[in-house]
Amino acid sequence: MERASRGIRTRSRQEETRENRNHWIGKHLRHGGPALLRGGARDPIFVAGDDQEAKAVVSRLITDIGFAPVDTGSLAQGGRRQQPGSHIYNEPMTAAQAQKFLSVG
């Protein structure tokens, strides 16, 4: 208990964090597959993060599974842009439309 209170993560906490991250990733990739094309354009999957190298890897994976990665910025900025009620939240659109919405707001 004392170790956890000093900010040292226990093995069980690390496992819990890993499981939560995997659940989040899985939840956000369940879009019905790459058959979701609008006039030949791929549907977007939004990417936010502070690590540019990691975002590049994730973006390649998104492209490989048939979608278009759209960078929404840092974790803080991208998180706000993807919140319920935003222009891009749960709205059917192409990657080009998503980029347009992001450039306006």
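The values are calculated or read from the model by the stated rules, or taken from the named source; none is laboratory data. Fair warning: this is a prediction, and the values are worked out from it, not measured in the lab. Virtual Cβ from ideal backbone geometry, glycine too; neighbours counted across all protein chains shown.
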Find all pairs meeting these conditions: Cβ atoms under 6 angstrom apart; at least six residues apart or on different chains; first residue within the stretch 40-67 and more than 24 Å from GLN83 (Cβ to Cβ); second residue surrounded by 13 or more Cβ atoms within 10 Å (Cβ to Cβ) and of a type in the set (A, V, I, L, M).
-> none
Options ASP64, ASP43; residue that is modelled with pLDDT of 90 or more and among the charged types (D, E, K, R) = ASP64
Search result, residues across the stretch 51-89 that are part of a helix (DSSP H, G or I) and among the charged types (D, E, K, R) | GLU53, LYS55, ARG60, ASP64, ARG80, ARG81
Pick from the stretch 44-53 the residues that are within 23 Å of TYR89 (Cβ to Cβ) and out of contact with any strand residue (DSSP E or B) (no Cβ under 7 Å at 6 or more places or on another chain): which of them is surrounded by the most Cβ atoms within 10 Å (Cβ to Cβ)?
-> GLY49
Of those in the stretch 76-104 that are exposed (fewer than 10 other Cβ atoms within 10 Å of the Cβ) and touching a residue at least 12 places away in the same chain (Cβ under 8 Å), the residue nearest to ILE45 (Cα to Cα) is PRO92
